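Reading through the structure tokens given below for one structure.
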Amino acid sequence: MKKRLIVLFVLVLPFATNAQFSSAQRQMQTSNYMFANQNRMFMQMQQQQRTMARMQSNVQSVENKLAKEERKRMKLEEKSLRQQAALRVKQEQLNTYGKDFDKNTEKAKKQIIKAVEQKNKIQSKIGASNAKIENFKKEIETSKLKKEEFAKKQEEEKRAKELEKSGNAEKKEKKKEPNK
């Protein structure tokens with residue numbers, strides 16, 4: 001009887017230790033996989049946060065450029081109004097000079113021509129400023145749309161992961177039920 005127990009013990013012992021060892025290996029592999037998965041998710045979340053911050057920074061810098069360009073345009077418009085007022089004054093002076101003052105008339109005409117040229121330059125700068133402002137507004141819109149799309153993509157990925165987790169949890173529950 002003792003011999004049989006010893007033989008049985010010797011035959012079963014390797015299988016029992018092997019089964020325990022493989023169970024420990026599986027647990028270790030599972031915990032390693034979970035740890036790696038958590039690290040990967042954490043790194044992915046950090047990357048997404050950096051991307052969102054970069055997008056926000058881009059939008060903010062373009063908005064700052066837009067505000068600066070709008071201030072510049074307002075100054076140019078004020079300068080244009082002053083130039084037009086000065087031009088009107090010079091034209092009135094030209095009209096008040098008589099034919100007796102040829103020298104003053106020529107001088108006033110030159111001043112008027114110069115004022116018109118300056119006014120045209122200012123108007124062209126205003127036009128360029130308006131174009132820049134429109135481009136900045138378009139850039140802001142596209143940046144905001146990209147940011148919204150990225151946020152939606154993040155939400156969809158998060159939902160997919162949650163569904164995957166819940167599906168995995170259901171599978172585990174189904175596997176456990178028949179063993180009970």
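Numbers below:
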quantity: Pairs of Lys in the range 107-148 closer than 29 Å at Cα, counting only those 8 or more apart or on different chains; calculated: 27
quantity: Over the range 131-180, equivalent-ellipsoid semi-axes from the Cα gyration tensor in Å; calculated: 48, 4, 4
quantity: log10 of Debye I(q)/I(0), alpha-carbon scatterers only, for the range 98-149 at 0.19 Å⁻¹; calculated: -0.73
quantity: The range 89-151 - accessible surface per residue (Å², probe 1.4 Å); calculated: 77 Å²
quantity: Dipole magnitude (debye, nearest 20) for the range 100-145, charges at Cβ of Lys, Arg, Asp, Glu; calculated: 120 debye
quantity: The range 15-84 and the range 138-157: distance between their alpha carbon centers, rounded to Å; calculated: 12 Å
quantity: Aspartates and glutamates whose Cα lies under 19 Å from that of Lys152, excluding same-chain neighbours fewer than 8 positions away; calculated: Glu141, Glu162, Glu164
quantity: Kirkwood Rh, Cα atoms: Rg over Rh of the range 22-180; calculated: 1.52
quantity: Karplus (6.51, -1.76, 1.60) ³J(HN,Hα), θ = phi - 60°, over the range 59-65, in Hz, Gly and Pro reported as x; calculated: 4, 4, 5, 5, 4, 5, 4
quantity: Accessible area (Å², 1.4 Å probe, nearest 10) - Arg82; calculated: 150 Å²
quantity: Cα-projected label distance for Lys103 with Lys171, points at 7 Å along beta-carbon direction, nm; calculated: 10.2 nm
quantity: Difference of contour (0.36 nm per residue) and Cα-Cα distance, Lys121 to Lys72; calculated: 16.2 nm
quantity: Candidate lysines - alpha carbon under 26 Å from Lys171, same-chain residues fewer than 8 apart omitted; calculated: Lys158, Lys161, Lys180
quantity: Apportionment of accessible area to carbon and sulfur, the range 102-163, percent (1.4 Å); calculated: 52 percent
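The values are calculated or read from the model by the stated rules, or taken from the named source; none is laboratory data. All figures in this text were calculated on a predicted structure; none of them were measured in a lab. Cβ atoms come from the backbone with ideal geometry, glycine included; neighbour counts cover every protein chain shown. Keep in mind that these areas ignore ligands, DNA and RNA; they rest on the heavy atoms of the full protein, side chains included. Shrake-Rupley method; radii C 1.70, N 1.55, O 1.52, S 1.80 Å.
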